[in-house]
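The values are calculated or read from the model by the stated rules, or taken from the named source; none is laboratory data. It should be emphasised that the depicted structure is a prediction, and the values quoted were computed from it without experimental measurement. All Cβ positions, even for glycine, are placed from backbone atoms using ideal geometry, and neighbour counts span all protein chains on display. Just so you know, the surface numbers come from the protein's heavy atoms only, side chains and all, with ligands and any DNA or RNA stripped out. Shrake-Rupley method; radii C 1.70, N 1.55, O 1.52, S 1.80 Å.
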Amino acid sequence: MRRLSFSARFALILTVLGALIAGSTVALFLALTGGQTRQAALERVADRAQTATDLVRAEQASLAAFATTAAGQLNDAGDPTAFLVRLSRAAGPQDLVAVVSPSGLIAAQAGTAAGGGGPAWIRDRATASDPASHSGLAADAQGRPWIYAWAPVPAHPGTVAVAARPLASSAVAQLATRNELQTGGLVVATRGRAVIGGTLAGQQIPPGEALPPAVAGQGSTSSIVGLAGQDVAAVAAPLGDGFDVVATSAVSTGGSPLQSVAVLVALVSAGLIVIGLTLLYLLVRRDLQRPLRRLDRAVTALADEDFSVPIGTDGNAGNAELARLGASFEDMRRELQAMLRGAEARAAIAADLSSHPLSAAIDRVCAQLRATTNATRALAVLVDDEQRPRSLHVSGGDGRMPAVSALTFGNGAIAAAMQQAHPGPLVACSLPGSAEAALSMTEIAVTPLRMGTTLKGALAISDRPGGFTRHDLDLLALAADQLALATERERVLELARIQANTDGLTGLYNRGFLTDYLEQQIAHADRSRVPLTLLMLDVDNFKAINDSFGHQVGDSALRSVARTLLANLRRSDLAARLGGDEFVVVMGETGTRDAVVVAEKLRDAVARTQLQAPDTGQRVQLSVSIGVAGRLPRGVGVDRLLTLADNALYEAKRSGRDRVRVAPDAGALVASTPEQA
């Protein structure tokens, strides 16, 4: 060694160091990649199981709202069997509705009464469970899982209304057949056997077949198990009543032995590199001190999880080994930085979709995607259930907003992605004449928003300097899954809100919504100093109609009056069913005189309405009596205003029916009291 010249020793040391550095870099990369792929598989399988359990909870909430509405309607339903038959026609084709009372069980499904009174498991579940629990899962006599919910009937203690849906027809069953799950899998099982089939690590598991032993005893914490000769991440998330959703996700190739060897090689190489660097520092301190110090600072930043410090290699142009070392670490830094930014973006997107209204959350998601991927523009297109454009959200660009239909039905990449069956991202260039080309979008990465087989829209980013990376496409796909789930969650919640605020028979707003709305209108009248008028309507001789022609004709009469109200009122007026055969119309910024004209119009429209009894064909003449109560600014409150309208309605009834009567002016009554004088 001493006989060699300085240049030869320098070259020899650098040759050895270069080989060691290359080996340690590859070994370290393999060790890190192996751990990352296993962790990513664990996260994916946990996300799949959580998605399935969230879908079950959402369907339980929907059924609970449906059961509560049915329980309220049972008070005036008459024949409960006929009521359940009608109610089942409005439910899904697989849904079951039932009433459990001390006298027994009756049920209906798809417009037909269930034979033998209905499934016995419903009666057992509804009577044996805690009354405070209104939803859950249960197995029928054949062991098939059902999602169910019940609600007590207020007018009949000990009686509950039940809504149930087989889990095999729910969104969970659709999730189990999604294309991206084919490399992993999802099934629903009980006692080690599948009840909803699917694919686990490439193995088809039909309903009734026993699960592989490796996953049959899997707990609720995700872990790596051996299945079909490969490592997979598996989890069994409990759904309730002994049912679990079992999910798997394949782990990338490269097993533990290779990782162990890589770690050992990395450690040995690191030790040799330290020795070599010490010799090199002693040999050529001045010539290599500055580039090594720069490299040391960057590596220290990586150890402190600061991935923003670049590893410069421009000072190593005369030393090929140091240049390669710097480039390897720079590649690793950029990879780790991209993974960290992607993880932060995923967390931010999930937080935005769970804590903001959907429209605002989509805008924030687009902005987050554009900032994380350095794309020029990010946009999201939503469509409704009929595939019609619903909304467009754009972040970045020059502010131009294209027609939504041009993106969804044109000849561009976005329309093409929405038509493809595979949900993964599509990378393409914009075609001349397309809506994307009109927006100066050149390279586009787009993925459809799908919930099962239902298309919800598309999510796209465009024109990233240097092209899109694997991390960009992974983030785009994950954001699309979360956004599709958020739109479905909004649809389910909106359906529940509508059911909670509307009357199931007439489609008008119910009494609870009317009270809240009337309080808001009174507050607005006081602030703006404008009048407010209330109309209270009652169907004349309604009890006689029910007694003579049956409750079916009575219900038709109530629906006919509701249609007449909606057809003859302004868009700013609100019609609601107060209860029984009583209706209320709230007319904001309307005086008593104008309200009387509207009341007479409504009375005349109802008087010209005739119904026909289905059994006898006899014609039924309808009429209504109407009470009008006007309220000047800073007048009476909700209860007093309703009482005045009710008194005027009573006067109309007492004086002969089919007429309009006006209560004394509510504002004048208040002004004449001693406190106001």
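Here the calculated FRET efficiency for HIS524 and GLU386, from their Cβ-Cβ distance with R0 = 35 Å, stands at 0.45, rounded to the nearest 0.05.
Once the chain from SER359 to ALA228 is taken as fully extended at 0.36 nm per residue, the excess over their C-alpha distance is 42.7 nm.
Taking a point 7 angstrom from the Cα of ASP124 along the C-beta vector, which residues in region 146-166 have backbone N less than 15 Å away? Flagged as within label range: 146.
Ranking of TYR517, TYR509 by solvent-accessible surface, largest first: TYR509, TYR517 (1.4 Å probe, protein heavy atoms only, all chains present). Computing FRET efficiency as 1/(1 + (r/R0)^6) for ASP140 and ARG470, where r is the C-beta to C-beta distance and R0 is 45 Å, gives about 0.45. Hey, rough spin-label estimate for GLN612 and ALA19, points 7 angstrom out along Cα→Cβ, what's it come to in nanometres? Result for the modelled spin labels: 10.1 nm.
Across region 638-659, the residues whose backbone nitrogen lies under 16 Å from the label position 7 Å along the beta-carbon direction of LYS543 are 650, 653-654, 657.
The relative contact order of region 184-256, computed from alpha carbon pairs under 8 Å that lie at least 6 residues apart in sequence, is 31 percent. Distance between the pseudo-spin-label points of THR515 and LEU340 (7 Å out from Cα toward the beta carbon): 5.6 nm.
Between GLU490 and GLN621, the contour length at 0.36 nm per residue exceeds the alpha carbon distance by 42.8 nm. For ASN647 and ARG559, a Förster radius of 22 Å and the Cβ-Cβ distance give a FRET efficiency of 0.20, rounded to the nearest 0.05.
Multiplying the residue separation of VAL597 and VAL638 by 0.36 nm and removing their Cα-Cα distance gives an extension gain of 12.5 nm. Residues with beta-carbon under 15 Å from that of GLY217, excluding GLY217: net charge, scoring Lys, Arg +1 and Asp, Glu -1? Surrounding charge for GLY217 is +1. Working from label points 7 Å from Cα in the Cα-to-Cβ sense, the GLU589 to ARG89 distance is 4.1 nm.
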